[in-house]
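A.B. asks: Would you mind keeping the following structure in view while I ask a few things?
The values are calculated or read from the model by the stated rules, or taken from the named source; none is laboratory data. What you are looking at is a predicted structure, and each value in this text was computed from that prediction instead of being measured. Quick reminder, even Gly has a Cβ in these numbers, built from the backbone with ideal geometry, and neighbours come from all protein chains shown.
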Amino acid sequence: MEQVHEVLEGNRYPGRGVLWARTLDGAVCGGYFLTGRSAASRERVLRRGEGELVVGPVEVVGHDPLRHYVAARERGEWLVFGNGEQVAEVSDRLGDGRRPVEALGGLEYEPDPPIHTPRITVVAELRSGRDAWFGGARRSRGGRTAADVVTLAVRDLEPGDAVLMTTYHSDGQLVETAASFVEFRTGAGSRDELLEEVWGALAPEFRVAATVFEPGRLAEAAVRHEWPRGR
C-alpha cells in the first residue's frame with residue numbers, strides 16, 4: 001500500500017483533504033488540509049475558536065462562504081470536520097439526534113462551476129474515538145445536476161492505517177473530481193509526526209494550511225501554515 005507522499009506525488013493539487021488515521025503510537029487522529037491556486041485561496045489561515053477550527057482570511061475582513069468556514073467542530077458526542085459550511089450543518093444535525101449516515105445525507109456539492117467542488121466531511125465519535133464516517137457529495141459524471149452522496153464507515157484501524165478523501169485529482173493544471181477515497185500507510189509515530197508527514201507531501205506552491213487532532217482534543221490541534229508565502 002502506498003505512503004502518503006506517494007499518493008500526493010501523483011496529485012499535485014488535491015484541493016482540500018480529510019483523513020482518519022492511527023499513528024504507530026496507537027493514537028487515532030483526524031486531519032484536514034487545504035491547498036490553493038489563486039491568491040485569495042492561498043491567503044488563508046486556520047484559527048482556533050470555541051470548540052472549533054475556522055478557515056478564514058489572513059486579514060480578518062469580509063467573508064466568502066466558499067473559502068471561509070468552520071473546518072472542524074466538537075459538540076456533544078461528535079467531532080465533525082470538512083471543507084465547507086456543511087461542517088456546521090452536519091454538527092447541528094447530530095446534535096438533534098440524527099445518526100452519522102443520516103446527518104451526512106442530503107448535502108450538495110459547491111456552487112462553483114465548472115469545477116463543482118465536492119463537499120467532503122468526516123464524522124467521528126468522541127466517546128470511543130475509533131469509528132468514523134466519511135461523506136462525499138459530488139456532481140454526477142453523467143451530467144445530472146443532483147448530487148451523488150457517498151458514505152464510508154471506517155472502523156478499527158491498525159497502527160499505520162489511514163484513509164484519505166480529497167476534493168480534486170490534478171497535475172496542477174487540469175482539475176478533476178477525485179476518487180471517493182484512498183487508503184494509505186503512515187510511518188508517523190505520533191500526531192505531530194503525522195502532520196509533518198502530510199505537510200511535507202503537499203506541493204509547496206499550492207499548500208496553505210494543515211492540521212491534525214485527536215478526538216476530544218481539538219483545542220490542542222497541531223497546525224501548520226504556509227503564510228507568509230515562502231516561510
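A.B. asks: Would you please name the residue that is surrounded by the fewest Cβ atoms within 10 Å (Cβ to Cβ), looking only at residues in the range 167-192 that are more than 25 Å from Glu220 (Cβ to Cβ), modelled with pLDDT of 95 or more and β-branched (Val, Ile, Thr)?
C.D. replies: Taking the candidates together, the pick is Val182.
A.B. asks: Got at least one residue in the range 34-50 being free of Cβ contacts under 8 Å to residues at least 60 places away in the same chain, acidic (Asp, Glu) and surrounded by fewer than 20 Cβ atoms within 10 Å (Cβ to Cβ)? If you could, list the steps in order and put the result at the bottom.
C.D. replies: Step one: of the range 34-50, the residues free of Cβ contacts under 8 Å to residues at least 60 places away in the same chain are 38-40, 47, 49-50.
From what's left, acidic (Asp, Glu): 50.
Filter again for surrounded by fewer than 20 Cβ atoms within 10 Å (Cβ to Cβ), leaving 50.
The answer is yes, given that some residue of the range 34-50 is free of Cβ contacts under 8 Å to residues at least 60 places away in the same chain, acidic (Asp, Glu) and surrounded by fewer than 20 Cβ atoms within 10 Å (Cβ to Cβ).
A.B. asks: Quick test for you: out of Gly160, Gly216, Gly200, pick the one residue that is under 30 Å from Ser38 (Cβ atoms) and either more than 14 Å from the chain's Cα centre (by Cα) or surrounded by 15 or more Cβ atoms within 10 Å (Cβ to Cβ) (or both).
C.D. replies: Working: Gly160 fails: under 30 Å from Ser38 (Cβ atoms); Gly216 fails: under 30 Å from Ser38 (Cβ atoms).
On inspection, the qualifying residue turns out to be Gly200.
A.B. asks: Out of curiosity, is Leu8 touching a residue at least 60 places away in the same chain (Cβ under 8 Å), crowded, with 24+ Cβ neighbours inside 10 Å and over 21 Å from Glu125 (Cβ atoms)? Outline the logic, then answer.
C.D. replies: On the way: touching a residue at least 60 places away in the same chain (Cβ under 8 Å): yes; crowded, with 24+ Cβ neighbours inside 10 Å: yes; over 21 Å from Glu125 (Cβ atoms): yes.
Yes.
A.B. asks: Just the residues that are part of a strand (DSSP E or B) and over 24 Å from Arg130 (Cα atoms), please, taken from the range 1-47. Spell out the reasoning first.
C.D. replies: Here is the first cut: in the range 1-47, the ones part of a strand (DSSP E or B) are 3, 16-22, 28-35, 44-47.
Passing the criteria: Leu34, Thr35, Arg44, Val45, Leu46, Arg47.
Table: residues versus (1) buried (at least 24 other Cβ atoms within 10 Å of the Cβ); (2) free of Cβ contacts under 8 Å to residues at least 60 places away in the same chain; (3) among the hydrophobic types (A, V, I, L, M, F, W, C).
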position	(1), (2), (3)
Glu77	no, yes, no
Val80	yes, yes, yes
Asp96	no, yes, no
Glu110	no, yes, no
Pro113	no, yes, no
His116	no, no, no
Arg130	no, no, no
Gly136	yes, yes, no
